[in-house]
1. Does residue 44 fit the bill of being open to solvent by less than 50 Å² (accessible area, probe 1.4 Å), without any contact (Cβ under 8 Å) to a residue 40 or more places away in the chain and in a loop (DSSP other than H, G, I, E, B)?
2. Condition check: touching a residue at least 24 places away in the same chain (Cβ under 8 Å), open to solvent by 10 Å² or more (accessible area, probe 1.4 Å) and in contact with a Cys (Cβ under 8 Å, 6 or more places away or on another chain). Does residue 328 satisfy that?
3. Taking residue 39 as the residue in question, decide whether it is closer than 23 Å to residue 77 by Cα, under 25 Å from the mean Cα position of the chain (by Cα) and open to solvent by 40 Å² or more (accessible area, probe 1.4 Å).
4. Take residue 272 and decide whether it is aliphatic (A, V, I, L, M), out of contact with any helix residue (DSSP H, G or I) (no Cβ under 7 Å at 6 or more places or on another chain) and open to solvent by 30 Å² or more (accessible area, probe 1.4 Å).
5. Scan the stretch 426-445 and give yes if some residue there is outside any strand (DSSP E or B), modelled with pLDDT under 95, polar (S, T, N, Q) and not assigned by the TED database to the domain that holds residue 182, otherwise no.
6. Tell me yes or no: at least one residue of the stretch 381-389 is of a type in the set (Phe, Trp, Tyr) and part of a loop (DSSP other than H, G, I, E, B).
7. In the stretch 141-241, which helices (runs of 4 or more DSSP H) lie fully inside it and hold 2 or more residues that are at pLDDT 65 or above and either open to solvent by 60 Å² or more (accessible area, probe 1.4 Å) or under 30 Å from residue 349 (Cα atoms) (or both)?
8. Among residues belonging to the stretch 47-80 that are of a type in the set (Lys, Arg) and closer than 20 Å to residue 15 by Cα, point out the one that is surrounded by the fewest Cβ atoms within 10 Å (Cβ to Cβ).
Amino acid sequence: MTIAILGGGLAGLSAAYYLKREGGIEKNQSIQIIEASNQTGGWIQSWKDQNTNVISELGPRTIRGRGKSANNTYSLIKDLGIENLVRNVGIDASARYIFANGKIHQLPMSVWKALFTVNQPFTKPWIYYVLRECFSSHNSKSISPDVQNNDESAYDFFCRTYGHEFADYLISPLLCGVCGGNSKQMSVKFMFGALYEAERKHGTVGLGLLKEQLSSILNREKVKDTKGTNIVKPPPSVYYLDGGLQRLIHALDINNESQGIHTNLNTRCTELHFHENGKGARIVFSNGKQLECSHVISALPAHNLASLFCVKSQHSPLTQLLKSIPMVSIATVNLTYDDPKVMGPYKGFGVLSSPLEKLSLLGIIFNNYIYGHSDRVDLTVMMGGYGFKEHFIKNSKCLSEEKLADTAVGHVKRVLNIQSTPNTYSTQILNDCIPQYTVGHYERVTKIQEYINVRRLPLTLVGSSYAGISINDVIFASMTAMRKLCK
């Protein structure tokens, strides 16, 4: 029998890799990846301009190197034999900027400077917000039971704990840049889980984080290897792959193929039927062919998986739960300028726009500083997100390539004061590309998993719809799911 993996993006490819590595395949079983498009990788696509040698990314361009999931990603990269492609982000890419109140502001790069000096657009040093949270009356005893035991929006949480400025000028732009999300809708329990748990357990965020940090230090001391051997070199704090992140996709493709895993491109799944008592499933394809399989691993976005169940399916509760995880679309425009002087004083990773500016702009990424190029300016302008329909769908003319480019150039002029005309540009629209972890996301995912478990459906869910959108999150979730499945 076949184990079918629906979706040949990063989640599906890494699920196939870990399923084979964990020994979850019997001798009479095979793994097949089903991909509707003509290539694997999903939103991870890289291409090089033959004239400028500029690498452009359709989706993410960097990988963070700190934390448990980051270490797992780095281990995968080493296992695939592409560690030699890892590159540190450029030394000039450390600064971050916020566009608020019609001006661009650099976020403080030093904790001490942030704590004890006023950095616009904030009107007070950050120590004020920290002390406000620690000594105000909103500890866990005074928080309403609904908030104390359940979820709330990230915006409400940070307004309540650190004040409106913190929510408006830091958290809201951050969520726009990370996931194109509206902080007034996004779940603090999911997006800022450590802060949520710290307040819930200890009464205040600051006290909770301090206790957790001290506990972590004590635990590390207890398990420290006194021999001092086998020190593993950690990954860079932020890095990219030479030639683009699609090199990771290619490496997974090659490894999976060498392990006998077959990838079916241009193969669209239209229906999914589960047999009684969890004894396998039947997949129907757009060409009329069918595939019987013992287990289905879905790496599709939740709403795409929901569309595979028949309208009159007995699994309509599952369908509704899957559809309740919303998605947003992003428009990206890559702009290049031959004169490096047009950037003026701005060096860094990029700038995020505060939603208070009411622009279609989410942020501008400074690719030339990320990749360490000094001979030109290479920018990626991100637009839309939760405001995509408002800014672009209401006027379909805004979606033309020329109009998108004009809009992006306008944002660059307004934010970075670059008045020059770009030498080249390219546009992309990523429809329904980022899931939104809105308030109650944990509970929705729990109900989805409970439904699958209670009915013993031969279905495993991976992908960004459920456990995180970053490259690290997606790979780690696939690894965890495959280990659980193999057990």
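The values are calculated or read from the model by the stated rules, or taken from the named source; none is laboratory data. The model shown is predicted, which means the values in this text are computed figures rather than measured ones. Note that each Cβ is placed from the backbone with ideal geometry, even for glycine, and that neighbours are counted across all protein chains shown. The accessibility values were calculated without ligands, DNA or RNA, using every heavy atom of the protein model including side chains. Shrake-Rupley method; radii C 1.70, N 1.55, O 1.52, S 1.80 Å.
1. Numbers: open to solvent by less than 50 Å² (accessible area, probe 1.4 Å): yes; without any contact (Cβ under 8 Å) to a residue 40 or more places away in the chain: no; in a loop (DSSP other than H, G, I, E, B): yes.
It is false that residue 44 is open to solvent by less than 50 Å² (accessible area, probe 1.4 Å), without any contact (Cβ under 8 Å) to a residue 40 or more places away in the chain and in a loop (DSSP other than H, G, I, E, B).
2. On the way: touching a residue at least 24 places away in the same chain (Cβ under 8 Å): yes; open to solvent by 10 Å² or more (accessible area, probe 1.4 Å): yes; in contact with a Cys (Cβ under 8 Å, 6 or more places away or on another chain): yes.
Spelling it out, residue 328 is indeed touching a residue at least 24 places away in the same chain (Cβ under 8 Å), open to solvent by 10 Å² or more (accessible area, probe 1.4 Å) and in contact with a Cys (Cβ under 8 Å, 6 or more places away or on another chain).
3. On the way: closer than 23 Å to residue 77 by Cα: yes; under 25 Å from the mean Cα position of the chain (by Cα): yes; open to solvent by 40 Å² or more (accessible area, probe 1.4 Å): yes.
So residue 39 passes the test.
4. Details: aliphatic (A, V, I, L, M): yes; out of contact with any helix residue (DSSP H, G or I) (no Cβ under 7 Å at 6 or more places or on another chain): yes; open to solvent by 30 Å² or more (accessible area, probe 1.4 Å): no.
No; evaluated as a whole, the condition is false for this residue.
5. Within the stretch 426-445 (the criterion being outside any strand (DSSP E or B), modelled with pLDDT under 95, polar (S, T, N, Q) and not assigned by the TED database to the domain that holds residue 182), the answer is no, since none of the residues qualifies.
6. Keep residues of the stretch 381-389 that are of a type in the set (Phe, Trp, Tyr), which gives 386, 388.
Okay, now just the ones that are also part of a loop (DSSP other than H, G, I, E, B), so 386.
Checked the stretch 381-389: at least one residue is of a type in the set (Phe, Trp, Tyr) and part of a loop (DSSP other than H, G, I, E, B).
7. Numbers: elements: 145-149, 154-161, 172-179, 188-191, 193-202, 205-223.
Correct list: 154-161, 172-179, 188-191, 193-202, 205-223.
8. Filtering the stretch 47-80 down to residues of a type in the set (Lys, Arg) leaves 48, 61, 64, 66, 68, 78.
Right, trim to closer than 20 Å to residue 15 by Cα and you get 68, 78.
Working: 68: 8, 78: 15.
My answer is 68.
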